[in-house]
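The structure appears below as structure tokens.
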Amino acid sequence: MSATPQVPTMQNDSMEDRLYTVSYDDPGESHLDVKVPDICTDSCETSDCMAVCPADVWRREDTDDLPTIAYENCLECSSCRFACPYDNVSWEYPTTGSGVTYKRG
Ligand code: SF4
Ligand code: SF4
């Protein structure tokens, strides 16, 4: 007879509290960028990079603005690179080779 599996306990932390538990080895330079800035400022009306990012990395006030990129908050999920309708996200793993470390789900 097999043992009853333990149900993991979940703490109902806010997203901000959970993001705070993610540590990041900052390489000192962004591993994210836009390939062609003019595409963001002249063509893109949807800001899909902002819409999909779970960590509020991409920000811009207006569709005429170039996004700012708070790369230190990046969770390396890759969503922004696939969401951009212009394939305009330059995305690399951080040069430190370690990036984020997840301590708990
Ligand atoms: S979705 Fe792509 S083109 Fe639009 S602002 Fe973001 S990076 Fe730029
Ligand atoms: S990889 Fe994920 S967490 Fe990082 S900027 Fe893109 S969407 Fe945000």
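The values are calculated or read from the model by the stated rules, or taken from the named source; none is laboratory data. A quick note: this is a predicted structure, and the numbers were derived from the prediction, not measured. Virtual Cβ from ideal backbone geometry, glycine too; neighbours counted across all protein chains shown.
In segment 53-64, the residue that is farthest from residue 18 (Cα to Cα) out of those that are surrounded by 14 or more Cβ atoms within 10 Å (Cβ to Cβ) and free of Cβ contacts under 8 Å to residues at least 24 places away in the same chain is 60. How many residues are part of a helix (DSSP H, G or I) and free of Cβ contacts under 8 Å to residues at least 40 places away in the same chain when one looks only at segment 34-52? Matching residues across segment 34-52 total 8.
A single entry from 4, 68 fulfils the requirement of being loosely packed, with under 13 Cβ neighbours inside 10 Å, at pLDDT 80 or above, among the β-branched types (Val, Ile, Thr) and more than 9 Å from ligand 1 (Cβ to nearest atom): 68.
So for segment 90-105 (the condition being at pLDDT 95 or above and touching a Cys at 6+ places or on another chain (Cβ under 7 Å)), does at least one residue qualify? Checking segment 90-105: not a single residue is at pLDDT 95 or above and touching a Cys at 6+ places or on another chain (Cβ under 7 Å). Would you point out the residue of segment 16-31, among those that are free of Cβ contacts under 8 Å to residues at least 60 places away in the same chain and within 12 Å of ligand 2 (Cβ to nearest atom), that is nearest to residue 86 (Cα to Cα)? So, considering only residues that are free of Cβ contacts under 8 Å to residues at least 60 places away in the same chain and within 12 Å of ligand 2 (Cβ to nearest atom), the one nearest to residue 86 (Cα to Cα) is 30.
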